[in-house]
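A short write-up of the structure that comes next.
The values are calculated or read from the model by the stated rules, or taken from the named source; none is laboratory data. For clarity, every value in this text was computed on a predicted model and none was experimentally measured. Positions of Cβ are generated from backbone atoms using ideal geometry, with glycine treated the same way; all protein chains shown enter the neighbour counts.
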Amino acid sequence: MKKLLREDFDAGPISINEIEPGLWLGNLTAALDVRLIEKYSITHILTVDSCPLPSNILMLPSVTTKFFQISDLPYEDLISHLDETYDFISQGLEKGNVLIHCYFGMSRSAAVVTAFLMRKHSINCEKALERLKQQRSVVGPNIGFYNQLRLYEAMNFKIDKSNLQFRLFRLRVAANQVSKVKIVPQSCLDIIKPDPALLTVRPNPRVYRCKNCRRIVAAANDLLPHTKNEKLSWKDNKWSADYSGLDLCSSTYFIEPLTWINSITQSESGKITCPKCKAKLGSYNWVMGSQCSCGARVSPSFYLVPSKVDYSVIVQNIQRTV
């Protein structure tokens, strides 16, 4: 990967504000000013930008730096880094003063500081943003980051990879990448779930089998629920709550991507065939998605045709087919 360098220092005049004692939020120009860093006794700098700081700042002996390469675009994955940014800021405040910045100090860095305030004070997104704007009125995270902050709130301010809403978000991030580069990038491979037929540690007893050869092709917790006539969206907070009482549709079995699905990481779309007998079970499409007969739209989509699989419950190694 080509190393990115910060050579365009045109983020306007110095702009910096103290949000809480020792916690500073500013623009790139502020982060590049050595005299300002010394004036405010900055000991830690967190960069949330497309490029890292230049070497003259990175080499300052009295400053610890951390860089997250994130563009100011609504579909960028900021939330996955929020636990790490929280730890860096917290540890920095224990030792000195922390400056968080992006290019203009308005969106990316503001979202990171908002998340920090949410978790530190156990307050919701709106209250944290209001508190931030009292000290720096120009902040305004883009709509994608704002929705990610609402998801962070729904997860009680810590990343929960088992949370359905978060998993839907990560699927959306991967789909955006596939639409650009035609394959699932390394950074998104965590969304490909293991083969349920090979799980030996606490396997889910509720499974779906190929009707033709009885091979396990999915576990119950691999299914993505949807309701009639909806567009399944990661922005819907009901998927962070108990959705067992919802009227869920079962006309189509939408699932999360699984390792056994042929070419799942190398193609935008394709057929899903049983890995054992090669019977056609369904299809997948990272970019266009699919529509259920109930009217619901799911994108990206990976689905099994109900008539091609059987639901089974395994109890103490005894299979009961339903």
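Can you find, within segment 188-209, the residue that is farthest from N262 (Cα to Cα) among those that are in contact with a strand residue (DSSP E or B) (Cβ under 7 Å, 6 or more places away or on another chain) and either in a strand (DSSP E or B) or without any contact (Cβ under 8 Å) to a residue 12 or more places away in the chain (or both)?
The extreme case among them is R206.
From the list L99, L93, pick out the single residue that is assigned to a strand (DSSP E or B), of a type outside the set (V, I, T), buried (at least 18 other Cβ atoms within 10 Å of the Cβ) and in contact (Cβ under 8 Å) with a residue 12 or more places away in the chain.
Details: L93 fails: assigned to a strand (DSSP E or B).
Only one candidate passes the filter, namely L99.
Suppose we keep only residues that are among the hydroxyl-bearing types (S, T, Y) and over 17 Å from S283 (Cα atoms) within segment 180-209. Which one would you say is nearest to the chain's Cα centre (by Cα)?
Applying the first criterion (among the hydroxyl-bearing types (S, T, Y)) to segment 180-209 yields 187, 200, 208.
Adding the requirement that they be over 17 Å from S283 (Cα atoms) leaves 187, 200.
Values: S187: 11, T200: 27 Å.
Across segment 180-209, the extreme among qualifying residues is S187.
Can you name the residue in segment 63-90 that is under 14 Å from the mean Cα position of the chain (by Cα) and among the aliphatic types (A, V, I, L, M) and, of all such residues, is surrounded by the fewest Cβ atoms within 10 Å (Cβ to Cβ)? Break it down stepwise before answering.
Pass one, segment 63-90, residues under 14 Å from the mean Cα position of the chain (by Cα): 70, 73-84.
If we keep only those that are among the aliphatic types (A, V, I, L, M) too, we end up with 70, 73, 78-79, 82.
Details: I70: 22, L73: 13, L78: 25, I79: 23, L82: 24.
Checked segment 63-90; the qualifying residue surrounded by the fewest Cβ atoms within 10 Å (Cβ to Cβ) is L73.
For segment 50-62: of the residues being within 19 Å of Y103 (Cα to Cα) and not small (G, A, S), which is surrounded by the most Cβ atoms within 10 Å (Cβ to Cβ)?
Only one residue fits best here, namely L53.
Go through the residues of segment 267-281 one by one and say whether even a single one is modelled with pLDDT of 95 or more, in contact with a Lys or Arg (Cβ under 7 Å, 6 or more places away or on another chain) and closer than 30 Å to L149 by Cβ.
Looking through segment 267-281, none of the residues is modelled with pLDDT of 95 or more, in contact with a Lys or Arg (Cβ under 7 Å, 6 or more places away or on another chain) and closer than 30 Å to L149 by Cβ.
Among the residues of segment 129-158, write down those that are surrounded by 18 or more Cβ atoms within 10 Å (Cβ to Cβ) and at positive phi.
F157, the sole residue that qualifies.
Among the residues of segment 210-246, write down those that are within 21 Å of G282 (Cα to Cα) and not in a loop (DSSP other than H, G, I, E, B).
Passing the criteria: C210, I216, V217, A218, A219, A220, N221, D222, L223, T227, K231.
Are any of the residues in segment 16-30 in a loop (DSSP other than H, G, I, E, B) and loosely packed, with under 15 Cβ neighbours inside 10 Å?
Let us first name the residues in segment 16-30 that are in a loop (DSSP other than H, G, I, E, B), namely 21-22, 27.
Cutting the leftovers down to loosely packed, with under 15 Cβ neighbours inside 10 Å gives us 21.
Checked against the condition, which is being in a loop (DSSP other than H, G, I, E, B) and loosely packed, with under 15 Cβ neighbours inside 10 Å, segment 16-30 yields at least one hit.
Got a number for residues in segment 249-287 being in a strand (DSSP E or B) and either more than 24 Å from the chain's Cα centre (by Cα) or of a type in the set (K, R) (or both)? Give the steps one after another, and end with the answer.
Just the residues of segment 249-287 that are in a strand (DSSP E or B), to begin with: 253-255, 258, 269-273, 280-285.
Okay, now just the ones that are also either more than 24 Å from the chain's Cα centre (by Cα) or of a type in the set (K, R) (or both), so 270-273, 280-283.
So the answer is 8.
So, A241, is that one over 18 Å from V178 (Cβ atoms), surrounded by 15 or more Cβ atoms within 10 Å (Cβ to Cβ) and not β-branched (V, I, T) or not? Spell out how you get there, then give the answer.
Working: over 18 Å from V178 (Cβ atoms): yes; surrounded by 15 or more Cβ atoms within 10 Å (Cβ to Cβ): no; not β-branched (V, I, T): yes.
Spelling it out, it is not the case that A241 is over 18 Å from V178 (Cβ atoms), surrounded by 15 or more Cβ atoms within 10 Å (Cβ to Cβ) and not β-branched (V, I, T).
Considering T273, T227, T252, which residue is free of Cβ contacts under 8 Å to residues at least 12 places away in the same chain and in contact with a strand residue (DSSP E or B) (Cβ under 9 Å, 6 or more places away or on another chain)? It would help to see each step written out before you state the result.
Numbers: T227 fails: free of Cβ contacts under 8 Å to residues at least 12 places away in the same chain; T252 fails: free of Cβ contacts under 8 Å to residues at least 12 places away in the same chain.
On inspection, the qualifying residue turns out to be T273.
Tell me, please, whether a residue that is in a helix (DSSP H, G or I) and either touching a strand residue (DSSP E or B) at 6+ places or on another chain (Cβ under 7 Å) or modelled with pLDDT of 95 or more (or both) can be found in segment 62-75. Explain how you work it out, then say what you get.
Taking segment 62-75 and keeping what is in a helix (DSSP H, G or I), we get none.
No, because not a single residue in segment 62-75 is in a helix (DSSP H, G or I) and either touching a strand residue (DSSP E or B) at 6+ places or on another chain (Cβ under 7 Å) or modelled with pLDDT of 95 or more (or both).
Of all the residues that make up segment 116-138, how many are touching a helix residue (DSSP H, G or I) at 6+ places or on another chain (Cβ under 7 Å) and either of a type in the set (D, E, K, R) or under 21 Å from I42 (Cα atoms) (or both)?
The total comes to 5.
Regarding K161, is this residue charged (D, E, K, R), loosely packed, with under 15 Cβ neighbours inside 10 Å and over 13 Å from the mean Cα position of the chain (by Cα)?
Details: charged (D, E, K, R): yes; loosely packed, with under 15 Cβ neighbours inside 10 Å: yes; over 13 Å from the mean Cα position of the chain (by Cα): no.
No: the conditions fail for K161.
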